[in-house]
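S.K.: There's a structure below that I have some questions on.
The values are calculated or read from the model by the stated rules, or taken from the named source; none is laboratory data. Here the structure is a predicted model, which is why all the values come from computation and not from measurement. All Cβ positions, even for glycine, are placed from backbone atoms using ideal geometry, and neighbour counts span all protein chains on display.
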Amino acid sequence: MTFKAKLGGALIAAILSTTAFHGAFAQEDTIKIGVLHSLSGTMAISETTLKDVMLMLVEEQNKKGGVLGKKLEAVVVDPASDWPLFAEKARQLISQDKVAAVFGCWTSSSRKSVLPVFEELNSILFYPVQYEGEESSRNIFYTGAAPNQQAIPAVDYLMNTEGVERWVLAGTDYVYPQTTNKILKAYLESKGVKSEDIMINYTPFGHSDWQTIVSDIKKFGSAGKKTAVVSTINGDANVPFYKELANQGIKAEDIPVVAFSVGEEELAGLDTGPLVGHLAAWNYFQSVDAPVNAEFIEQWHAFTKNDKRVTNDPMEAAYIGFNAWVKAVEAAGTTDTDAVLDSIIGVSVPNLSGGTSTVMPNHHITKPVLIGEIQADGQFEIVQQTPAVVGDEWSDYLPDSKDLISDWRKPMSCGNFNVATGKCGGKGS
Amino acid sequence: MTLRSLFYAFLTCLILSFAAPSFGQSGAGGDPKSLFDQLAKADFNEAEKLIGQIAATGDPRVVPALQAFVDGDLYFRKSDNLVFIAKAAGSNLELIDPLTGASAGEAPKNSVTKVRVNNNLRRVIRSAMGGLTLLSPDRAVRLQAADAVLRSPSPENLELVEAALAKETDGEVKARMEEARAVSLLSSDRSVGEKRAAIETIGNLGGRDAIGILRSVSGSIDESLKPDLDHAISSIESELQLWDMVQNVWYGLSLGSVLLLAAIGLAITFGVMGIINMAHGEMVMLGAYSTFVVQEAIRSNAPGLFDWSLAIALPVAFLVTGAVGFVIERGVIRFLYGRPLETLLATWGVSLILQQTIRSIFGPTNQEVGNPSWMSGSFALGGLTITWNRMWIVVFSLSIFVALLVVMKKSAYGLNMRAVTQNRRMASSMGIKTPWVDALTFALGSGIAGIAGVALSQIDNVSPNLGQSYIIDSFMVVVFGGVGNLWGTLVGALSLGVLNKFLEPSVGAVLGKILVLVLIILFIQKRPRGLFALKGRAVEA
């Protein structure tokens, strides 16, 4: 499988690199930005949408006159869901195409793959997806949710509103679920949940036979305490998981499932009738009732010429990241990396839930946390919204990162400052 | 008995007559209509209290409105904050009075707002509705009501259940109500003796839910009842343990049948013809997309036929993938017979082309393939929960297997095919058009992969990547079962499924999968030709 996927990726990459959208038509009066999202391979299902969003945002910005009086030009490349290829494509964007900033990546593996490239060539990456935290790079802005902007508020909601006492942490076997579950376990234990009331379960990528696990969850839930499932199950595996839940008759009223990777787009391939009441935690839902959101949805439908296309949280994160970059460039008067890195901290731009998001010195942003229940029409009904929360890169609930902070303002300029020892350079250095 | 039932009836009346005026006096809260209207501005906590008050009125007229609340059909008008049940009427909503059911005219969607509901409220409402409908004249409604009380035990429902129980004549409903009574009684302040009897009733009920109910009260119950409780729990558990074994076997067979479905087409193209066909998974994917297209056509043209969509999709998928297979064989593979490495690379290229083609046509996201009603939900068989979709897939894959076996063994075409694969030159000398047989055989294998795709669309994602997740498993099954032997594929698929499902509970899904692969590698070392090796000259040739 991996072998095949890799070889397949390489093949596609080879074909595409000859046809990729090189900046052949580049003129002197444009500013180029890179779009680094997989358009083929397994991640195309999620990332293609973000490429479209970026093209839409660029188009809208150009209608408003571009940036610094120049038109923007998007350079789209296809890293084909192949992590090493992400690094190659990033290098190509920065060195050959001379882009001012790059918007891209979805999985943490791809981000880790391009991180050294951005640091070496001193360029800027905007990363629009929720992730496990435990990272802060000088050259990366994390506009998706850190665990404290998604996972922990969701668990709090279940604990307080639904009175949940027993927890199943189910996830796909890779870095995001594992780190998130580690943080959640520590958090739950700090709240007095006993370890026998926590069940952790991992499954391979693309797992499709959920019979055993769903019946295990049922079994775990029959201990007389209110039970909930916290799902970090990734992408495609969710559809068979929810189908099995529905078929085995597990209702949200009995055992609610709160998911961190299931949004409007994932539900599009699913009959959500039997899933009403299961939850998701994000910083944005399409159902948000705000004029700015209505306008965004309208633009999106017009751009894609399809009024059934849904919007989702990573799209909002891309929107915030792009606008923050535009504002920072205009404040700095140049697209030079160092100048933008200085001017972007503290920049506030509207988010789509009706408030504003601010870029913090730790390169994460502030945003509200929304808890939504799945509805029969595939949308979410928002049952709770918190005030804006600051993204916390180093979790307070992990022993080896609770003393670390990140502050990229001068004079500290450090992504992993240890407040206990007073030195820069801890984990992740 | 009659005296007792009279007493309970009296008691219920008393409670109800007390309840209604007592809220009536506390200001605006009195009649159900104004209670419903207060929902417009209530947060979740206030709404919960309001539902309690609505239930306490004991007015059966509130039931439809409560049902609408659960279903998310309760709206309030922005102009005057009055609450209505809303039904879609074209682009507008038809507003219906929550109590009388009288129409209150139509309103545009943006002039009303939905009354919000969450899981907790749904639970409370269901419990309240259970209490209110226990005395319904409709047997099915009473049964449902008893179920609702059973699922959400609360001491408040106890008296209602007992009153209903006294009047109940239907055996099944009565039994359900007895259980509901026992469940509600456990958390009430009744005597120890009554509780002991209740524990026994719940113990006899059996199943996971019963354990859950018993465990939930174990903290608060009287010390003297602890042994009864533990006994009831352990006796249910020992019974469940047996069913767990049966369940694992069933899950294994079900997984095995999915493997069989995915592999059976490959058993022909790879097993019988010896072509390493990496595009096999894409044939499955094309079959699933054919189902999607058929369903879309049915949805827009003849929604009444939806339950037949899979039956219609089967021949369509077979023909589409069969035709694609035919073209691939004629266009690519026939030039590569006897060159396995080139075949592997070429078919792989084909698989990438097919994937990207589908991605370009349908987009990269999942497509929704609906389950017909007969493939949704589950039924109980003893202590086993069997889901209908898995059940039908087992039946379906076995029937495909049998059908294929008949074609191979009994038909003239099957005879030709076997002749060509066993000795091509001799078959050719006997006047069999071998290239034609090759093409048809490959088309048959592809077509069967296509109808497997119809079935797999019911349990998996329909996305361009669908095929990739099955290709390795398919090869695994065919190699393990013995190349060239259909029975080997059957036994291989089922035994791998069962093995996987017995490993999974103890070592987890990730390690289970690895262990299965390691075991297969070891097995192949020992028996390179798989479980059922072909013997004779054909193998040596």
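S.K.: Can you say whether A:Val99 is modelled with pLDDT of 95 or more and part of a loop (DSSP other than H, G, I, E, B), as far as the supplied structure shows?
M.R.: yes
S.K.: Residue by residue through the stretch A:392-415, note down the ones that are among the charged types (D, E, K, R) and either within 22 Å of A:Ser190 (Cβ to Cβ) or touching a Phe, Trp or Tyr at 6+ places or on another chain (Cβ under 9 Å) (or both).
M.R.: Residues of the stretch A:392-415 that are among the charged types (D, E, K, R), as a first pass: A:392-393, A:396, A:400, A:402-403, A:407, A:409-410.
Within the stretch A:392-415, A:Asp392, A:Glu393, A:Asp396, A:Asp400, A:Lys402, A:Asp403, A:Asp407 qualify.
S.K.: Next question. Can you give me the number of residues within the stretch B:70-92 that are free of Cβ contacts under 8 Å to residues at least 12 places away in the same chain and surrounded by 13 or more Cβ atoms within 10 Å (Cβ to Cβ)?
M.R.: 1
S.K.: Would you be able to say whether some residue in the stretch B:426-441 is under 17 Å from B:Met283 (Cβ atoms) and surrounded by 23 or more Cβ atoms within 10 Å (Cβ to Cβ)? Even if it seems obvious, please write down each step before you answer.
M.R.: Initial filter on the stretch B:426-441 (under 17 Å from B:Met283 (Cβ atoms)): B:438-441.
Now narrow it down to the ones that are surrounded by 23 or more Cβ atoms within 10 Å (Cβ to Cβ): B:441.
The answer is yes; a qualifying residue exists.
S.K.: Name the single residue that is farthest from B:Ile213 (Cα to Cα) among those in the stretch A:216-242 being among the polar types (S, T, N, Q) and in contact with a Lys or Arg (Cβ under 9 Å, 6 or more places away or on another chain). Quick ask: steps written out before the conclusion?
M.R.: If we filter the stretch A:216-242 for residues that are among the polar types (S, T, N, Q), which is where we start, we get A:222, A:227, A:231-232, A:234, A:238.
Then keep just the ones that are in contact with a Lys or Arg (Cβ under 9 Å, 6 or more places away or on another chain); that gives A:222, A:227.
Numbers: A:Ser222: 8, A:Thr227: 13 Å.
Within the stretch A:216-242, the match that is farthest from B:Ile213 (Cα to Cα) is A:Thr227.
One line per residue, one yes/no per condition, for (1) of a type in the set (D, E, K, R); (2) touching an Asp or Glu at 6+ places or on another chain (Cβ under 9 Å):
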{"position": "A:Ala294", "(1), (2)": "no, no"}
{"position": "A:His301", "(1), (2)": "no, yes"}
{"position": "A:Thr311", "(1), (2)": "no, yes"}
{"position": "A:Thr335", "(1), (2)": "no, no"}
{"position": "A:Asp342", "(1), (2)": "yes, no"}
{"position": "A:Pro350", "(1), (2)": "no, no"}
{"position": "A:Gln375", "(1), (2)": "no, yes"}
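S.K.: Let me ask something else. Considering only residues that are touching a residue at least 40 places away in the same chain (Cβ under 8 Å), of a type in the set (A, V, I, L, M, F, W, C), facing chain A (nearest Cβ under 8 Å) and assigned to a helix (DSSP H, G or I), which ones fall in the stretch B:460-507?
M.R.: Within the stretch B:460-507, just B:Ile471 meets the criteria.
S.K.: While we're here: I need every pair where a residue in the stretch B:311-325 that is free of Cβ contacts under 8 Å to residues at least 24 places away in the same chain has its Cβ under 6 Å from the Cβ of a residue that is buried (at least 17 other Cβ atoms within 10 Å of the Cβ), sequence separation at least 6 or different chains.
M.R.: Listed pairs, sorted by first residue: B:Ile312/B:Val294.
S.K.: Further question: Which residues, taken from the stretch A:35-48, are surrounded by 24 or more Cβ atoms within 10 Å (Cβ to Cβ) and either farther than 24 Å from A:Glu265 by Cα or β-branched (Val, Ile, Thr) (or both)?
M.R.: A:Val35, A:Thr42, A:Ile45
S.K.: For residues that are surrounded by fewer than 24 Cβ atoms within 10 Å (Cβ to Cβ) and of a type in the set (Asp, Glu), scanning just the stretch A:245-281, find the one that is nearest to A:Glu47 (Cα to Cα).
M.R.: Only one residue fits best here, namely A:Glu265.
S.K.: Can you say whether B:Gln67 is without any contact (Cβ under 8 Å) to a residue 40 or more places away in the chain, assigned to a helix (DSSP H, G or I) and either over 20 Å from A:Ile382 (Cα atoms) or not basic (Lys, Arg) (or both), as far as the supplied structure shows? It would help to see each step written out before you state the result.
M.R.: Values: without any contact (Cβ under 8 Å) to a residue 40 or more places away in the chain: no; assigned to a helix (DSSP H, G or I): yes; either over 20 Å from A:Ile382 (Cα atoms) or not basic (Lys, Arg) (or both): yes.
Against the criterion (without any contact (Cβ under 8 Å) to a residue 40 or more places away in the chain, assigned to a helix (DSSP H, G or I) and either over 20 Å from A:Ile382 (Cα atoms) or not basic (Lys, Arg) (or both)), B:Gln67 does not qualify.
S.K.: Let me ask something else about it. What number goes with the only condition from (1) under 16 Å from B:Gly287 (Cα atoms); (2) touching a helix residue (DSSP H, G or I) at 6+ places or on another chain (Cβ under 9 Å) that B:Thr385 does not pass?
M.R.: (1)
S.K.: Further, regarding this structure: Quick one: which of A:Ala317, A:Ala388, A:Ala420 is of a type in the set (A, V, I, L, M), in contact with a Pro (Cβ under 6 Å, 6 or more places away or on another chain) and surrounded by fewer than 22 Cβ atoms within 10 Å (Cβ to Cβ)? Don't jump to the end; show me each part of the working.
M.R.: Working: A:Ala317 fails: surrounded by fewer than 22 Cβ atoms within 10 Å (Cβ to Cβ); A:Ala420 fails: in contact with a Pro (Cβ under 6 Å, 6 or more places away or on another chain).
The match here is A:Ala388.
S.K.: For the stretch A:298-314, give me each residue that is surrounded by fewer than 18 Cβ atoms within 10 Å (Cβ to Cβ) and among the aliphatic types (A, V, I, L, M). Please lay out each step first, then the result.
M.R.: Going residue by residue through the stretch A:298-314, those that are surrounded by fewer than 18 Cβ atoms within 10 Å (Cβ to Cβ) are A:298-299, A:301-308.
Matches in the stretch A:298-314: A:Ala302 only.
S.K.: Could you check the stretch A:342-378 and list, in sequence order, the residues that are more than 19 Å from the chain's Cα centre (by Cα), of a type outside the set (A, V, I, L, M, F, W, C) and either outside any loop (DSSP other than H, G, I, E, B) or closer than 30 Å to B:Gly370 by Cα (or both)?
M.R.: A:Asp342, A:Ser343, A:Ser348, A:Glu373, A:Gln375, A:Asp377, A:Gly378
S.K.: Looking only at residues that are within 14 Å of another protein chain (Cβ to nearest Cβ) and in a helix (DSSP H, G or I) in the stretch B:173-202, which one is nearest to B:Gly131 (Cα to Cα)?
M.R.: B:Val183
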